[in-house]
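Asker: Take this structure, written in structure tokens, and hold onto it; I'll ask about it next.
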Amino acid sequence: MYYANASKLVEDVAALVGQGGPLRWMVLDCAAIGDVDYTAAAVLARVVEHVHQHHVHLVLSSVLGQVRRQLDRYGISKVVGHDAYFDTPGEALEAFHFTVR
């Protein structure tokens, strides 16, 4: 994730949060993210803030170790919460189902 594609993330998340019924959880699958630059981290922080303002729980799945360390360094992990990381999207889905019981 880097400066050139970060704005697309903002647009996509804003569209998802603003449409349809109430959104409770959003899973960002990070499998294709191999690096996060400073601009993308700042944008991601805004995305997290935006979804939290709409009472949406944002979780991350398939985060590579290097990317997790970058997110930790940029303060993103603190904002999303250390319990917001899942190994796979399926694990995130299971956690969601567990919380709505």
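Asker: Between 66, 53, which is polar (S, T, N, Q) and in contact with an Asp or Glu (Cβ under 8 Å, 6 or more places away or on another chain)? Step through it out loud before you land on a result.
Answerer: On the way: 53 fails: in contact with an Asp or Glu (Cβ under 8 Å, 6 or more places away or on another chain).
Answer to the selection: 66.
Asker: OK, next. Being touching a Pro at 6+ places or on another chain (Cβ under 9 Å) and of a type outside the set (D, E, K, R), is that true of even one residue in region 79-95?
Answerer: No, region 79-95 has no match at all.
Asker: Could I ask something else about it? What about residue 81, is it within 20 Å of residue 38 (Cα to Cα), of a type in the set (Gly, Ala, Ser) and exposed (fewer than 12 other Cβ atoms within 10 Å of the Cβ)?
Answerer: No.
Asker: Against the definition (among the acidic types (Asp, Glu), surrounded by 11 or more Cβ atoms within 10 Å (Cβ to Cβ) and without any contact (Cβ under 8 Å) to a residue 40 or more places away in the chain), how does residue 72 come out, yes or no?
Answerer: Yes: the conditions hold for residue 72.
Asker: Considering only residues that are on the phi < 0 side of the Ramachandran plot and crowded, with 16+ Cβ neighbours inside 10 Å, which ones fall in region 55-69? Before you say what the answer is, go through the steps one by one.
Answerer: Taking region 55-69 and keeping what is on the phi < 0 side of the Ramachandran plot, we get 56-61, 63-69.
Matches in region 55-69: 56, 57, 58, 59, 60, 61, 63, 67, 68.
Asker: Kindly check whether there is at least one residue in region 78-85 that is out of contact with any helix residue (DSSP H, G or I) (no Cβ under 6 Å at 6 or more places or on another chain) and at pLDDT below 90.
Answerer: Within region 78-85, one or more residues are out of contact with any helix residue (DSSP H, G or I) (no Cβ under 6 Å at 6 or more places or on another chain) and at pLDDT below 90.
Asker: Between 16, 60, 64, 28, which is touching a Gly at 6+ places or on another chain (Cβ under 7 Å) and within 22 Å of residue 95 (Cβ to Cβ)?
Answerer: 64 is the lone residue from the list that is touching a Gly at 6+ places or on another chain (Cβ under 7 Å) and within 22 Å of residue 95 (Cβ to Cβ).
The values are calculated or read from the model by the stated rules, or taken from the named source; none is laboratory data. Values in this document were obtained by computation on a predicted structure and should not be read as measured data. All Cβ positions, even for glycine, are placed from backbone atoms using ideal geometry, and neighbour counts span all protein chains on display.
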